[in-house]
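Below is one structure, written out as structure tokens, with a few remarks after it.
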Amino acid sequence: MKRPKSLRHPKYRLADSAQQAVGGFLLAGPFVVTEEVWVLAAGMHWIQGVATAGIVALIGYAALYRADTDRDPDGEQEIAGVPARFLSLMIVAFGSVLLLAVLFDAPDTFLIEEGVAGRELWATTLKAVTVGAVFSVVGAATADSVF
């Protein structure tokens, strides 16, 4: 017997963010410590960084609401007009990469030691975060949908 939609995916809970975090951190880790990601980010224009962040959002939205047809973004709790589950996914996708980058001291290892400082340091770090978030969002959305 098929369960009603409301029973298949309960409302967003804090535990959903925890599941997303497990998946997001799992896939973010290898990219934070890869020199190629930081070299790639250093060569990216800021527009490419913004476009990459947009792709992360599209992947996340598609994974939550298009791949899993049992979910309806219009029927979910919202924060400032954005579904709470999607907002949590974006925070996890970008936040897990940024947190690991800081904890592993990646900006110092890959940028400061190469003479990158100031505004360029922050810009390159943010672009590296968007690159890592492409992978982190896949892990986070998968963990959210599977569990």
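Coordinate-derived values only; no laboratory data. These numbers come from a predicted model, not from an experiment. Cβ sites come from the backbone with ideal geometry, for glycine too, and all protein chains shown count toward neighbours.
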(message) Restricting to DSSP H runs of at least four residues, report the calculated mean residue ellipticity at 222 nm for the chain, -39500 (n - 2.57) per run over all residues, nearest 500 deg cm²/dmol.
(response) -22500 deg cm²/dmol
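Once you mark the trypsin sites (Lys or Arg not before Pro) that are in a DSSP loop and have at most 15 other Cβ atoms within 10 Å, what is the longest gap between them in the chain? Mind dumping the intermediate values first?
Details: sites that count: LYS2, LYS11, ARG13.
The longest such stretch corresponds to 14-147.
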(message) For semi-axes √(5λ) of the Cα gyration tensor in Å, pick the label among (i) 43, 24, 12; (ii) 33, 14, 12; (iii) 25, 18, 15 that corresponds to the value derived from the coordinates.
(response) (ii)
